[in-house]
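**Q** Sending over a structure as structure tokens; questions will come in a sec.
The values are calculated or read from the model by the stated rules, or taken from the named source; none is laboratory data. Here the structure is a predicted model, which is why all the values come from computation and not from measurement. Glycine gets a Cβ as well: all are built from the backbone with ideal geometry, and neighbour counts include every protein chain shown.
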Amino acid sequence: MAATPIANFRQQIALVKQATISPEAFRKIHAETAMKAIADLEARQGVYPRTTVVDGRRDADEGSVRYGGVIEYDISPIGDVLDAIFEELLRASPVGPGKDGHYKDAHHLYIDGVRHEVGQGGQPIEVQPGQTAIFLNSKPYARKIEGGIKSRAGEKTERRPGLSAQAPNGVYEITARAMKRRFSNYPVKISFDYRGFVGGEFIGGKAGNKSRDRWPCIVVEVD
């Protein structure tokens, strides 16, 4: 089996420690080796949001590593997941006259209840383990576009088609299922849900359980 970049890195550090160099020189080599390793990794796999952890201190500088210390990089590819979900929502969105704005322009992202802009071509969005990202469409007819389940007494339940002929199976639920399959090996849980949302805020309990205030969402929980 070929040696991994991490194994090679550890071997280099072990060899340096055995050499007759000062602790200060070793710390410098350690920092430079770590920075080169992460740069090489990003050149091969792409740049993702990351946090540098030096001797247990988050957001520390590699040069502050102690002699015999540890430099780690917490890398989060969750931005790719959010970008893919947003792009698929746009692709699946029906397009109408747009008198009061288009449905496809009303997809919003919230991370732990705080709204973030997506699709702006800016910096990758960073989501930490334990946080929850939610996509929601704010248009009044968003629930009708999803369709739903209809039933009558004594009859078998069946699905009610969505409001738009362009998206008869809805948008959010089918997107959530597709993204769950696509990112099954990522440290995230992707699901479809209806969440209470009033005045720009998510609400729970009885107040958030009124059908008129519940909106279709894609929920992304980061492990």
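**Q** Please determine, by comparing only the residues of the range 37-60 that are among the basic types (Lys, Arg) and more than 19 Å from the chain's Cα centre (by Cα), which one is surrounded by the most Cβ atoms within 10 Å (Cβ to Cβ).
**A** Restricting to residues being among the basic types (Lys, Arg) and more than 19 Å from the chain's Cα centre (by Cα), the top hit is ARG57.
**Q** Which condition number in (1) modelled with pLDDT under 90; (2) closer than 30 Å to VAL47 by Cα; (3) among the small types (Gly, Ala, Ser) is the one that ALA167 fails?
**A** Just one mismatch for ALA167, condition (2).
**Q** Do the conditions hold for PHE86, that is, is it touching a residue at least 40 places away in the same chain (Cβ under 8 Å), in a helix (DSSP H, G or I) and farther than 30 Å from PHE135 by Cα?
**A** When the stated conditions are applied, PHE86 does not pass them.
**Q** Quick check, is ALA60 within 14 Å of LYS139 (Cα to Cα), hydrophobic (A, V, I, L, M, F, W, C) and either free of Cβ contacts under 8 Å to residues at least 24 places away in the same chain or in the same structural domain as ILE125 (by TED's automatic domain parsing) (or both)?
**A** no
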